[in-house]
């Protein structure tokens, strides 16, 4: 935080929608926060350009009624979030106002609420000892937040080495109590509480090393885990036209993914979708811990009707909170729905500032902004040797469903795994409608990831996955041939190839997000079922006529799907399996 | 709007474009309204002491010495029970020859609802149209457009929805309605005697196009008043949102903004979302539901207007002319109500979801059979039965002139199943078939 003796003030000289020009009487920094002073409120804004003594600021609220000459006070720091115990389970807006504490039905302009609870007492246990040498990000102690061990750290802004003079004893404290006293290199005493501030647009880099992702993050969604796994600490994105199931897929990820904490940035999307989370997550159980899903979730909601400028801030706020928890050695999954709305917010602002536009009127630096953001995800080794991770998955809403539009293109350069939702698959109700052929995961090319998969799932796993992909591709080719030449214009083998790929499609790729059992598949089960379908793939069958093929494989698929719908390795599951074996025997060559 | 004594009158305009004027003035607030030679205008830009106003009525004939009077406030509207049964223009002035409305003054285009104060929509709004109620049930707090080609009878459907929907208030927002369509609505509402709960804000093609930008805000501010203050179920009908978006592009063009896809302003998504997201279910029972019309050009849903709309709304409805029965139907394949799961089988009879899916599946089989027929292949006996079923289904359920209760729709569907299929062919859960399959003697 840059400390200033004199607060810079200014006066409004111009207003275009939510872009306001301010004549400042002192120094102003880029991205500095300032407040427009109104009779009954203060409107938060951010400096986005400075020309001479004129600051161009974007206002995070409606600018209705603002006048030339209105007073503006500069805060001396960039947009910051408050980091401390009590972030978990909260519903924030894009600027970290606690939405539940806002009064009334409507979001009145200028209303601001505390992000954290200053009254609540937390059970503190010290970790650091007197005379320890510590640096920013080191753990001084810990409190329990919901169920999660929340580390109290040396604030990230502290530069240099410090010596611990004292740490509070075990006991109950509020977040504003002094938890430790540190001595800097000059012997000056500095008090540390449970709360610290950090500017959202600056990455928190208090870690030793950031290796390439080498573990997979289990999501329980077969078309992701089996076909194109996402690395823990990796990045992925889900583009898709409206109605292709982006939001259902994101909700499934948020419910099931093997992460300690889920942060959802609802960025410029439908309010009713966020309401669904507000309504369901406090009720739904986290299958891994038996606790309520809300206990591991934080929501940053800036729905499409909330101020556009705060939409941009919302994704940064979410990322900064993720980085804070990662520094505690936790596994975070960050979901943003949708990054296109954020890009559109950038476009609106760039347009008002009359910048020369890039493709589709987006700002020229769109690609750079998006890749900078994605690069904040990652798996890290902390200074104390522990590990933490942020896995980031964003959705993209391509205009007209066209994957060549600028936001999709820019994201493709930044994200390492790509889950393209296809209108065709959605139309034929093949959910999740991820296109198995267009989608990819670069992580499968990492030798360290392949080693991890071999060790943790099975030696043959990577080979099987490759076989699955080849079979799907071959199936698609066969189906194209059949469509061109007609059912009886091709050898029966073509039909067999096609239907073997259909078995894989129906049994491995398609998954019922609304069925209690099928919605989530453990890796063990995924492996079991993949081996099952590969066995079928490798079996030679006898058929005289193509019509037999179609009918026969429909029975095979039905049997395998019944298995998917029953509890893994239950009696019923094995019964279906036995019946399946009989069906296979019927036609085995 | 009366001029008041203390208001300063400006008479020197620096710049006039087709939609805006600029002049020197001080102490003016952003989005403040003003009169320019009697025409309503709103402040859209202030640079130093130069203020730019968007003149809703257009700037034709505005002289450089026009009288500009600022009101010192943003647009507002008088609301009260007297609004019912009345027709107003985009400014909220009566156009039905009736008196001015007295009532509480409210700000137009107020703040947004805190998302944590919303309730998940859960109340079913029957419209009597089976293509909607049976297959695409509407839920209070939902927003859904008809994607229709200009030649389709969407205004007739909208007027039917207005007359039949079980809502406390119906607010019609007409944007770029032809005078004929305006008179059609007026006539239909008058004759049905349903005027006591219908309020209309209408901009016709005879009015300046920029004026229609005001219509959605007028409708939705009124809707908010009744939903919040009186806890009423309000249904807002907006037609045609494509013409609204066209007006947006005209204004942004006049203000030298860089257009994005399809010459639309870059802010189109936010502009549309601001309107559609007013749809809400309040915890106290009031709700706002929006049914809109977005006309397509040549059925192209990738155009920026339907595309952005689709990302915002909770589904979309398509109309289609079914040549087999000669009637307009609600297309069961392309239409989708994203919120229907919240009510069907829960607020309606238990067999609703299964009957809905079974009927659509059989309709799809019929459409495959039709393709077979067109390609010169032989039809099976089952194919022929599906074709017969499809005709009945179109005529007795999907056609927009059907007006029955949901239970009757379900019973009709069962009767059609019984007429054309065996119990095992409809793939509905056995216990439901046992319970609802009609006795053959009844047929």
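The table that follows gives values for the structure above.
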| read-out | value |
| --- | --- |
| Qualifying residue in region B:140-154 (condition: at pLDDT below 90 and either under 13 Å from the mean Cα position of the chain (by Cα) or within 30 Å of residue B:352 (Cα to Cα) (or both)) | no |
| Some residue of region A:279-287 being within 12 Å of chain B (Cβ to nearest Cβ), outside any loop (DSSP other than H, G, I, E, B) and over 27 Å from residue A:384 (Cβ atoms) | yes |
| Condition broken by residue B:94, with the remaining ones in (1) free of Cβ contacts under 8 Å to residues at least 60 places away in the same chain; (2) more than 14 Å from chain A (Cβ to nearest Cβ); (3) over 20 Å from the mean Cα position of the chain (by Cα); (4) surrounded by 16 or more Cβ atoms within 10 Å (Cβ to Cβ) satisfied | (4) |
| Close pairs from region B:345-370: first without any contact (Cβ under 8 Å) to a residue 60 or more places away in the chain, partner part of a loop (DSSP other than H, G, I, E, B) and buried (at least 22 other Cβ atoms within 10 Å of the Cβ), Cβ under 7 Å, at least 6 apart | B:353/B:344; B:363/B:332 |
| Residues located in region A:507-525, provided they are surrounded by fewer than 20 Cβ atoms within 10 Å (Cβ to Cβ) and either assigned to a helix (DSSP H, G or I) or free of Cβ contacts under 8 Å to residues at least 40 places away in the same chain (or both) | A:514, A:516, A:524, A:525 |
| Test: residue A:252 is within 27 Å of residue A:107 (Cβ to Cβ), more than 14 Å from every other protein chain (Cβ to nearest Cβ), out of contact with any helix residue (DSSP H, G or I) (no Cβ under 6 Å at 6 or more places or on another chain) and at pLDDT 90 or above | no |
| Checklist (1) under 15 Å from the mean Cα position of the chain (by Cα); (2) closer than 30 Å to residue A:436 by Cα; (3) surrounded by 24 or more Cβ atoms within 10 Å (Cβ to Cβ) applied to residue A:326, failing item | (2) |
| Hits in region A:140-163 - residues which are in a strand (DSSP E or B) and within 21 Å of residue A:120 (Cβ to Cβ) | A:140, A:141, A:142, A:143, A:144, A:145, A:148, A:149, A:150, A:151, A:152, A:153 |
| Only listed residue being loosely packed, with under 14 Cβ neighbours inside 10 Å, touching a residue at least 40 places away in the same chain (Cβ under 8 Å) and within 32 Å of the chain's Cα centre (by Cα), chosen from A:119, A:103, A:170 | A:119 |
| Residue, farthest from residue B:353 (Cα to Cα), within region B:136-163, restricted to residues that are within 14 Å of chain A (Cβ to nearest Cβ) and not in a loop (DSSP other than H, G, I, E, B) | B:147 |
| Region B:20-42: number of residues that are on the phi < 0 side of the Ramachandran plot, surrounded by 15 or more Cβ atoms within 10 Å (Cβ to Cβ) and out of contact with any strand residue (DSSP E or B) (no Cβ under 6 Å at 6 or more places or on another chain) | 1 |
| Residue check, residue A:357 closer than 27 Å to residue A:263 by Cα and part of a loop (DSSP other than H, G, I, E, B) | no |
| Search result, residues across region A:16-26 that are surrounded by 19 or more Cβ atoms within 10 Å (Cβ to Cβ), within 14 Å of chain B (Cβ to nearest Cβ) and modelled with pLDDT of 95 or more | A:20, A:21, A:22 |
| Some residue of region A:309-328 being assigned to a loop (DSSP other than H, G, I, E, B) and in contact with a strand residue (DSSP E or B) (Cβ under 7 Å, 6 or more places away or on another chain) | yes |
| Residue that is farthest from the chain's Cα centre (by Cα), among those in region A:70-100 that are more than 10 Å from chain B (Cβ to nearest Cβ) and farther than 28 Å from residue A:204 by Cα | A:71 |
| Which numbered condition residue A:223 fails, given (1) more than 10 Å from every other protein chain (Cβ to nearest Cβ); (2) touching a strand residue (DSSP E or B) at 6+ places or on another chain (Cβ under 8 Å); (3) modelled with pLDDT under 95 | (3) |
| Tally, over region A:288-308, of residues that are within 26 Å of residue B:276 (Cβ to Cβ) and outside any helix (DSSP H, G or I) | 9 |
| Qualifying position, being under 22 Å from the mean Cα position of the chain (by Cα), in contact (Cβ under 8 Å) with a residue 24 or more places away in the chain and surrounded by 15 or more Cβ atoms within 10 Å (Cβ to Cβ), among B:66, B:137, B:75 | B:137 |
| Cβ pairs under 6 Å, 6+ apart, first in region A:379-403 and within 12 Å of chain B (Cβ to nearest Cβ), second part of a loop (DSSP other than H, G, I, E, B) | A:395/A:338; A:397/A:338; A:398/A:405; A:399/A:405; A:400/B:302; A:401/A:241 |
| All positions within region B:285-337 that are part of a loop (DSSP other than H, G, I, E, B), within 27 Å of residue B:120 (Cβ to Cβ) and facing chain A (nearest Cβ under 9 Å) | B:313, B:314 |
| Test result for residue B:252, touching a strand residue (DSSP E or B) at 6+ places or on another chain (Cβ under 7 Å), within 30 Å of residue A:363 (Cα to Cα) and either within 13 Å of chain A (Cβ to nearest Cβ) or free of Cβ contacts under 8 Å to residues at least 24 places away in the same chain (or both) | yes |
| Options B:223, B:245, B:227: the member that is within 13 Å of chain A (Cβ to nearest Cβ) and crowded, with 21+ Cβ neighbours inside 10 Å | B:227 |
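The values are calculated or read from the model by the stated rules, or taken from the named source; none is laboratory data. Predicted model only: the values in this text are computed from it and were never measured. Quick reminder, even Gly has a Cβ in these numbers, built from the backbone with ideal geometry, and neighbours come from all protein chains shown.
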